[in-house]
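For reference, the structure discussed in these notes is given below.
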Amino acid sequence: MKNFQHFLQKRVRQSESGFTLIEIIVSLAVLGMITAGIGSTLALITRTAVEKLPEIAVHDQLRSVAALIKDDVGHAESFKLETSPTYLTLRWRDQSTFPPTPYRVQYYWEDSALVRQLYVNEVAQAQLSLLQRVNIASDVSFTVTTQANAFVPTSNVRTLSATITVTTLDFNDIPVLTSTTVEVQLRPEQTAYL
């Protein structure tokens, strides 16, 4: 009897040392489902990133244009707004040179692109086309608003606003409207010229 019990215990231990074919098939099926889920998730993430790429590019361009306009307005001693065609002209002098060097920057639309034209000593220098990847339509409007200064009743606060609206096509050819507004508070010495 002792030998028989020893034989049964040895047989049970041998059968527990490996996996059965059914256990292997079930584990492969579970692993396959997990892999399929991860694969479909990665495919969805990749497809979404590719679809959003043009929209992300337009947002990046709008941020760059906004920073450029803000920087130019910060330098400007005077400005001029035109409504037809819509453009903004900014002027300033570089006082670090002798004689002071006059600068002029114009923003205007040309061939579905916002153009920044720089003039130094009234000679055209760099022309930079901004928002070039716009598929459908674009619009820009420049305005100057004046509000009463709450702290100094005899003075007003003027703000130059540039609103840039861009309509592009997304991955599924659906129009997407994107807009940004740059607002720069004008210094009292910054004047409008005719």
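Observations on the model:
- Summing charges over all other residues whose Cβ lies under 13 Å from the Cβ of Thr89, with Lys and Arg as +1 and Asp and Glu as -1, gives 0.
- Cα-based shape type of segment 44-90, given that a ≥ b ≥ c are square roots of the gyration tensor eigenvalues and the cut on a/c is 1.5: oblate
- Our coupling estimate for segment 116-126, obtained by passing each phi through the Karplus curve with A = 6.51, B = -1.76, C = 1.60 and θ = phi - 60°, is 10, 9, 9, 10, 10, 6, 6, 10, 4, 10, 7 Hz, Gly and Pro reported as x.
- Per residue, segment 17-60 exposes 79 Å² of solvent-accessible protein surface, assessed with a 1.4 angstrom probe and all protein chains in place.
The values are calculated or read from the model by the stated rules, or taken from the named source; none is laboratory data. A quick note: this is a predicted structure, and the numbers were derived from the prediction, not measured. Here Cβ is always computed from backbone atoms with ideal geometry, including for glycine, and neighbour counts include all displayed protein chains. Heavy atoms of the whole protein, side chains included, go into the accessibility calculation; ligands, DNA and RNA do not. Shrake-Rupley method; radii C 1.70, N 1.55, O 1.52, S 1.80 Å.
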